[in-house]
Structures are given as C-alpha cells and as structure tokens.
Amino acid sequence: MRNAVLETTVPHTELAAQLLAKVRALPEGLDGFTFARIPVRQKLNASKSVPAPFLEAAAFLMEGSAALAAAAGIPVAALRDVVELERAFAPVLLELQEIARAIEYTLALRKAAVGKAALDVYSVARRLITPETDSALYAHVTDMAAALGRTGKRKKPLPDTEKTASATQRPAQAA
C-alpha cells in the first residue's frame, strides 16, 4: 500500500500527554530549576558566558587568598559545583535538543505524506466537483481553497521586471 497510514494503538493525545508528563518530571531533583524570564535572562548573558576553566581558576585563587574569598561573597564549593553541574548536564541538554528535533522531523514526515495525498485530492476535486454537480462537496472544495489561502482573487500583477532589469544591468566588457 503506497499511502498507508500508520495505525496506532494509543490515541495521539493520550501518548502526547504521557510523554509530556515524563518530560515535565525530568527536572525533579535539580536544585534551583526555574523557567527563564526575559528581563532576568538578559541580565545573565554576560556573566553566564564565562567558561568553566575561568570558574575553576577563580576557585583556585579564592582558595589561595582569604581576601579574594571574602571579596567574592560566595563559597569556593559553589563555583566548583556549578562547573560540575554544567559538565554533568551538557549531554542531557544535547540529547533533549536532538530528541526535540527528531520529534519535529517525525511530525513533518507524517504530515508531508498525508499532505501530498490531500493536495492530490484537492487538485482532482477542483476539476471534477462544481456547484452544479455536487453543491455539498463543492463547499468542502472551497473550504480547502480558503485553508490554503487560495480564494480565487488574483493579486495585482507585478510591474514588468524585464524592462527594469535590463536598464540596471552593466554593459558587457569587451574581451
């Protein structure tokens, strides 16, 4: 069967709800987990971009100087903890991003398959179904056209681009 649609044993909304519950449970146990807020996120941009070696060097300096440790206002252990946290969760972040891209691609493939068939149906229906032959089905054909943004109204024709293109071209250089 060329255009076979995959049969599912679990309705899509139920499967999506189950997956969403699992995704929402992922950050459980991650201390300080929060969603980004735009104003706060903008303030974080400069200081969050410091690389891990920079944080490790700061921790080393703080261990070597009580004055620097006091000036920092945070414990050395906090610096080292963030470095370890970032290293530990980097693969998790990459995997979640890859899964998100794969879900998008899977949905696109499935939609493209049925979308092609629906466009074929529309193409044939436009030629076969008229208000005179079947007014009930014709209403669906016009609904499909509207859904595609094809209302039958033509836009104003574009100005003649050949004249403007030839006037702006540089003359050919002699060889």
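The values are calculated or read from the model by the stated rules, or taken from the named source; none is laboratory data. Just so it is clear, the model here is predicted, and its values are computed rather than measured. Heavy atoms of the whole protein, side chains included, go into the accessibility calculation; ligands, DNA and RNA do not. Shrake-Rupley method; radii C 1.70, N 1.55, O 1.52, S 1.80 Å.
Within segment 126-136, the residues that satisfy the criterion of being assigned to a helix (DSSP H, G or I) and either open to solvent by less than 80 Å² (accessible area, probe 1.4 Å) or under 18 Å from LYS116 (Cα atoms) (or both) are ARG126, ARG127, ALA136. Considering segment 73-91, the residues that are β-branched (Val, Ile, Thr) and open to solvent by 40 Å² or more (accessible area, probe 1.4 Å) include one that is nearest to PHE33 (Cα to Cα), namely VAL82. Does segment 100-119 contain any residue that is part of a loop (DSSP other than H, G, I, E, B) and either open to solvent by less than 100 Å² (accessible area, probe 1.4 Å) or at pLDDT 95 or above (or both)? No, there is no match, as no residue in segment 100-119 is part of a loop (DSSP other than H, G, I, E, B) and either open to solvent by less than 100 Å² (accessible area, probe 1.4 Å) or at pLDDT 95 or above (or both).
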